[in-house]
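The values are calculated or read from the model by the stated rules, or taken from the named source; none is laboratory data. The shown structure was predicted, so the numbers you read here are calculated from the model rather than taken from an experiment. Virtual Cβ from ideal backbone geometry, glycine too; neighbours counted across all protein chains shown. Please note that ligands, DNA and RNA were not included when accessible areas were found on the heavy atoms of the full protein model with its side chains. Shrake-Rupley method; radii C 1.70, N 1.55, O 1.52, S 1.80 Å.
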Amino acid sequence: MKKFVLFVLLIGGFSTIWLYLTERTGLLPLANANLDVYFTEDPKGAVTMRWNPLPYPCRYEVECYFKTTGRLTNGVPQLRRVSSSSTKEAAFQVPPTSVPMFYRVSAYGIFGKLTGTLAPAVHPAYAQPYKPDIILKYPEDAPASVKPFFAWHPVPGAVCYEVEILSAPPEKEGGTALSDKNHLFSTQRVYTNGWQADLTDWKDRRELYWRVRALTLEKKPIGEFSQAEKIVVSASAPIPDAPLVNTFMQMPDDYPLLYPVYQWIPMNGVLRYEVELLYSPPEEKYEKTPVPDRAWYRIANDSFSCYDEYKRDDPGMYYWRVRAVDEGGKTIGRYSETASFYVPETKERPYAAAFGDSITHGGGAISYSPANREYDYMTYLDFPAMNLGQSGDRSRETALRFEEDVLPYHPYNLIVMTGSNDLRSDRPAEEIISDLAAIRDKCIANDIRPIFLTLMPIHPQNIYTAFHTETSDGWRPKLAKINAFIRQQEYYVDLEPYFYDNTKTKLDETLAIDGLHPDIYGKMLMAELINEHRDLFRQP
């Protein structure tokens, strides 16, 4: 028995020495190994990053990064690490993202890191130039109906998209021009990352092709057309008769929105929709009539999203679905699939919360709602923060919501930004200042540290183009008065100077297309400035 134990110890010792020498002496060329990263995607758009495994027992660390705006680092964007994961498999399930992300893989043995520093790989949907990455596909074994849904990864900053139907692949892939020879149809009236086509005019064709490109507010291209995708069409395939819930690439977050937003891909030619909220999933799918005990419902103001006017703060699971309706309220087709979201119970005081109007609530580039968390500045903060924003707020509404929307959570720090909607009106600066002072006083009285953000300039011409609303001529002196008050507070972050265009007179449209709501890089810049002022925040 003693000899056996001694034998085992000797074998174990030799194995340890061999492993150490292998890792530390370059017996195997591990330090210079290329992991050959590549990506695969399933039919629902979920992306997996893979690489060739090393011929050695090890674990892998995957670090996730995005690039900063570069506006605080002399114009040079920096890679900022947002998370890391460890795995023994040569694969990593990429979290849903609508932001250009980068991933670096490193291998670790028993005695430390094996591989050298490898260049980060970019998420394939966001390689330059941007080409929308197709999600829904219709191969031979799963043919499309004559009215199929198309869906693609959203392109950062895109206001709308142009979809082209072709009889055959284009003469040249990519580019920004429509096909000369094979063009059948195109439309630029697509305002979300999906569209229901109508292929009835070509129902006798077995195969068609389609592609999509992103456009700005002025219908200028962002990047190029996607790779043309073949559609196998079957006249006998069932035609979708319900909206398609749009949770494609919806980014996860630490906290759900206090005021939810629901979004979907609309049915072709239908403009009127009704969303309903349930406390339990419906017993039947694809019904035509509402359930009698639904918690809430609302007719949508546009064709692909709906804002909930009530906060959803009771812990638990919520379910929602949407149906197309006619003027009489009757269902066109059936209800959509049921989607859900979870509200966790908040047992401890949150470190931080953000309180304000639509700039806080989220959304941007005209077509994206707060459900698109890439347009939420809290996504880019170095710390988790609850989103207590509500779109449409003026400073008075924000102040009046304090007791109901802030006090139940009692955060240590409250990031406050409200009054931007008042800039456009004739409401005097003194009234907005009074509302901000009221929020400050309520925070102090309840042991909450208020950290104010100065208001950003606006761009009246772009606001009119986007929303067809006029802006008061006196917005500049009003902005100056409000921000002068904010700069007198004990805790504030000065955003205003960083958001002007080259003329120093209005909001930089490269940060906010619609002249009011910062887009992705505008929200990133907001977070970068807040992150630089972490010393203002009270520690628990």
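Pairs meeting the criteria (first residue in region 239-261 and touching a residue at least 12 places away in the same chain (Cβ under 8 Å) and closer than 27 Å to Asp326 by Cβ, second residue outside any loop (DSSP other than H, G, I, E, B) and open to solvent by 50 Å² or more (accessible area, probe 1.4 Å), beta carbons under 6 Å, at least 6 apart or on different chains) are Val261/Tyr307. Taken over region 149-205, the residue count meeting the criterion of being surrounded by fewer than 17 Cβ atoms within 10 Å (Cβ to Cβ) and in contact with a helix residue (DSSP H, G or I) (Cβ under 6 Å, 6 or more places away or on another chain) is 0. Entry remark, region 384-420: residues being closer than 21 Å to Leu529 by Cβ and either free of Cβ contacts under 8 Å to residues at least 40 places away in the same chain or among the β-branched types (Val, Ile, Thr) (or both) number 4 in total.
Ala371 meets the conditions (1) more than 26 Å from Tyr279 (Cβ to Cβ); (2) out of contact with any Pro (no Cβ under 6 Å at 6 or more places or on another chain); (3) surrounded by 17 or more Cβ atoms within 10 Å (Cβ to Cβ) in every case but one. The failed one is (1).
Can you name the residue in region 379-437 that is assigned to a loop (DSSP other than H, G, I, E, B) and among the aliphatic types (A, V, I, L, M) and is also most open to solvent (accessible area, probe 1.4 Å) among such residues? The extreme case among them is Leu407. I want to confirm something. Restricting to region 208-229 and keeping residues that are open to solvent by less than 10 Å² (accessible area, probe 1.4 Å) and of a type outside the set (D, E, K, R), which single residue is nearest to the chain's Cα centre (by Cα)? Taking the candidates together, the pick is Ala214. Consider region 122-135 and keep the residues that are of a type outside the set (Phe, Trp, Tyr) and either buried (at least 20 other Cβ atoms within 10 Å of the Cβ) or under 11 Å from Ser234 (Cα atoms) (or both). The one that is modelled with the lowest pLDDT is Ala125. When region 262-273 is filtered for residues that are outside any loop (DSSP other than H, G, I, E, B) and either among the basic types (Lys, Arg) or within 13 Å of the chain's Cα centre (by Cα) (or both), only Gln263 remains.
Take the residues in region 500-514 that are in contact with a strand residue (DSSP E or B) (Cβ under 9 Å, 6 or more places away or on another chain) and buried (at least 23 other Cβ atoms within 10 Å of the Cβ), then tell me which one is nearest to Ile463 (Cα to Cα). Among those residues, the one meeting the criterion is Asp514. Only strands (runs of 3 or more DSSP E) whose full extent lies in region 128-194 are considered here, and the ones with at least 2 residues that are in contact (Cβ under 8 Å) with a residue 40 or more places away in the chain and on the phi < 0 side of the Ramachandran plot are 149-151, 160-166. For region 314-343, a residue qualifies if it is open to solvent by 50 Å² or more (accessible area, probe 1.4 Å), assigned to a loop (DSSP other than H, G, I, E, B) and not small (Gly, Ala, Ser), and the qualifying residues are Asp314, Pro315, Asp326, Glu327, Lys330, Arg334, Glu337, Thr338. Please verify whether region 509-522 includes one or more residues that are over 27 Å from the mean Cα position of the chain (by Cα) and either closer than 24 Å to Gly362 by Cα or of a type in the set (Val, Ile, Thr) (or both). No, region 509-522 has no match at all. The single condition among (1) in a helix (DSSP H, G or I); (2) touching a Leu at 6+ places or on another chain (Cβ under 8 Å) that Pro450 does not satisfy is (1). For region 49-99, a tally of residues being assigned to a strand (DSSP E or B), hydroxyl-bearing (Ser, Thr, Tyr) and surrounded by 12 or more Cβ atoms within 10 Å (Cβ to Cβ) returns 5.
Within region 100-117, the set of residues being aliphatic (A, V, I, L, M), in contact (Cβ under 8 Å) with a residue 40 or more places away in the chain and open to solvent by less than 40 Å² (accessible area, probe 1.4 Å) comprises Val105, Ala107, Leu114.
For region 230-249, does any single residue satisfy the condition of being in contact with a strand residue (DSSP E or B) (Cβ under 6 Å, 6 or more places away or on another chain), within 22 Å of Asn182 (Cα to Cα) and buried (at least 19 other Cβ atoms within 10 Å of the Cβ)? Among the residues of region 230-249, at least one is in contact with a strand residue (DSSP E or B) (Cβ under 6 Å, 6 or more places away or on another chain), within 22 Å of Asn182 (Cα to Cα) and buried (at least 19 other Cβ atoms within 10 Å of the Cβ), which makes the answer yes.
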